[in-house]
Amino acid sequence: MIILSAMLGAFLLYLLQNYLYHKFWNKNLSVDINFSEEKAVEGEELILYETIINKKLLPLPILKVKFMTSKYLYFLDFNNSIVTDNYYRNDLISIMMYQKLTRSLTFKCSHRGYFTISNADLICSDLFITFEAVENYNMDLRLYVYPKPVDYARLQAPFNKMLGTVLTKRFINEDPFEFRSIREYQSYDTLKSVNWKASAKTGSLKVNVNDYTSSQQVKIFINLESDSIWKHEDLQEESIRLAVSIASAFINQGIQTSLHTNGRDNITHEILNIPPGSGINHIKAINELLARIDTSLPIPAFVPVIEENCLQSSENDYLIFISFYQKEDIQRLLFTALNNKADFTWIVPTNQDVTLKADGKLMPYILPWELAP
């Protein structure tokens, strides 16, 4: 009789807990996932915070938290995870009544990109593990991982040469509509620069000082097209790192800089470009644009994409081409720019498989850039 009563009690307990977990397991239960920062540079480490709150009397001793993100976010704790084309996390936790539980997962940003977590699943079992219930929670989690700049010690000498050309053009091309200040007349000043009103007030000749041409800009063209069946992802990524390094260096000098590429946005799948600008916000915009380039999407031919923009450049512009692709069409484009008396530099990233093979007449305008070991 005692055994029968115990069995009946156990059965009633099973029915009760089964009812309670079916009915109330997800009541006042929430999950929140956040990155420690909204942006990072490739190679940096961040923390992902996983917070679960259970605001009820019913404990959840068997609860799974599942989410998916990019495989390029390399979590140092590899337990409870699977990596294929994506990273899949499956954590088993226990959370008691009226408890808040936060887990910290450290990860390394192993690749530039724009990464999201759009949802998370909570999966609960009853005490006897006789059923599983699933609740999906929508997330809107975003992380920009900016491209890592190249070693500036390697870039400094060629950058100074490019900067010298830009500053020389700026000095020669003053803008008569951009007034900057008034100074004393010098023997080399022309009469048309004399400010007669200021001269009359002071009793000595004064001249207007104009600012430099407002139309001058540096245009950076990034070609991610390969001239063989091989993709050369290492050279594509180095091209992007070079672009952000050079753009930041010019913008820090107060020079208007634009960026043009045949790479596609991993959000809209459109060709990416950014108009000329300067300042900290422009550097941020360029970093975000370059982070969003998805080289797994089809990359169109470079020359048709940028030809019009290139050939319509002002004589005040300085053009920088970054391209490991060296076929005849891009060399013809550069010869056209040369014939139009454009100032430009062609940076050619190379590795063991891709070597410099451009026409010798273009060599004075070429900067070979060997991939660092």
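The values are calculated or read from the model by the stated rules, or taken from the named source; none is laboratory data. Since the model is a prediction, treat every value here as computed from it, not as a measurement. We place every Cβ from the backbone using ideal geometry, glycine too, and count neighbours over all the protein chains shown. Quick note on the areas: whole protein, heavy atoms, side chains included, nothing else; ligands and nucleic acids left out. Shrake-Rupley method; radii C 1.70, N 1.55, O 1.52, S 1.80 Å.
Please compute the per residue accessible area over the chain with all protein chains in place, 1.4 Å probe, rounded to a whole number of Å².
Result: 54 Å² of accessible area for each residue.
Using r as the Cβ-Cβ distance of Ser228 and Val134, and R0 as 45 Å, what FRET efficiency do you calculate, to the nearest 0.05?
That gives a FRET efficiency of 0.45.
Counting every Cα pair in region 240-285, what percent are over 11 Å apart?
Roughly 66 percent, rounded to a whole number.
Quote the relative contact order of region 243-373 in percent (integer), defining contacts as alpha-carbon pairs under 8 Å separated by 6+ residues.
Relative contact order here is 18 percent.
Can you send over the carbon and sulfur percentage of the accessible area for the chain, probe radius 1.4 Å, protein chains only?
The nonpolar share, carbon plus sulfur, comes to 54 percent.
With Cα Rg over 2.2 N^0.38 Å defined as stated, name the option among (1) 1.01; (2) 1.47; (3) 1.11 computed from the structure displayed.
Of the labelled values, this structure produces (2).
Let's test the formula: R0 of 25 Å, r as the Cβ-Cβ distance of Ala285 and Lys357. What FRET efficiency results, to the nearest 0.05?
0.10
I'd like to verify something in the chain: which complete DSSP H helices, judged by Cα projection on the helix axis, reach 30 Å or more and average at least -0.5 on the Kyte-Doolittle scale?
Flagged H segments are 2-24.
Kindly provide the helix-only [θ] at 222 nm of the chain, computed as the sum of -39,500 (n - 2.57) over DSSP H runs of four or more divided by all residues, to the nearest 500 deg cm²/dmol?
Helix contribution divided over all residues of the chain: -9000 deg cm²/dmol.
Take Asp294, project a point 7 Å from its Cα along the Cβ direction, then tell me which residues of region 107-138 have their backbone nitrogen under 20 Å from it.
From region 107-138, the list is 110-120.
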